[in-house]
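The values are calculated or read from the model by the stated rules, or taken from the named source; none is laboratory data. In this text the structure is predicted, and so the values were computed from the model without any measurement. Backbone-built Cβ (ideal geometry, glycine too); neighbour counts: all protein chains shown.
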Amino acid sequence: MTRDAVLSLLERLRVAWNAHDVDALAALHAEHGVVISPTGGVLEGRAEIARVYRLWFAAFPDAAWRTDDLVVDGTRAAVVAQLAGTHAGEFFGVPATGRHIHVQVAVLFTVADGFIVEERRIYDFTGFLVQVGVLKAKPTA
């Protein structure tokens with residue numbers, strides 16, 4: 001894929017993410033694509049990837065994604081982004097808390113033939129759980 005094609009694919013991902021368009025998001029992944037995520041584990045295939053997107057958007061109905069930085073190297077890309085939203089629905093067994101979350105994420109993509117074949121999400125899952133209220137943290141002195 002060309003650099004422009006990779007950039008276009010990732011822009012469609014950002015737009016679909018902010019529209020909470022699960023079908024469009026899943027369609028950007030290869031049929032047997034893989035997503036590796038702190039919250040979802042290893043997801044294989046479009047149906048499983050779509051299932052976790054649905055969980056996210058049900059739990060955070062105002063979730064928004066902002067891309068801060070993007071690097072493309074051949075068929076690989078790295079994105080640094082901000083994820084924000086309000087915990088307004090159950091999330092992996094945790095009832096809604098009404099708390100606002102803000103998480104910086106790094107996502108590594110491998111693409112081929114116009115699709116995402118692997119997506120690896122990296123973020124501070126413990127910090128995320130503190131923001132939601134599942135874990136307690138003492139402030140530093």
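A few comments on the model shown:
- Only listed residue being touching a residue at least 24 places away in the same chain (Cβ under 8 Å), farther than 29 Å from Met1 by Cα, out of contact with any Lys or Arg (no Cβ under 7 Å at 6 or more places or on another chain) and surrounded by 14 or more Cβ atoms within 10 Å (Cβ to Cβ), chosen from Leu70, Leu55: Leu55
- Test result for Val72, among the hydrophobic types (A, V, I, L, M, F, W, C), modelled with pLDDT under 95 and closer than 20 Å to Leu108 by Cβ: no
- Pair list, Cβ < 8 Å and 6+ apart or interchain, from the range 101-118 residues that are on the phi > 0 side of the Ramachandran plot to residues that are in a strand (DSSP E or B): Asp113/Ala30
- If you go through the range 1-39 and keep only what is assigned to a loop (DSSP other than H, G, I, E, B), within 14 Å of the chain's Cα centre (by Cα) and without any contact (Cβ under 8 Å) to a residue 60 or more places away in the chain, you end up with His20, Asp21.
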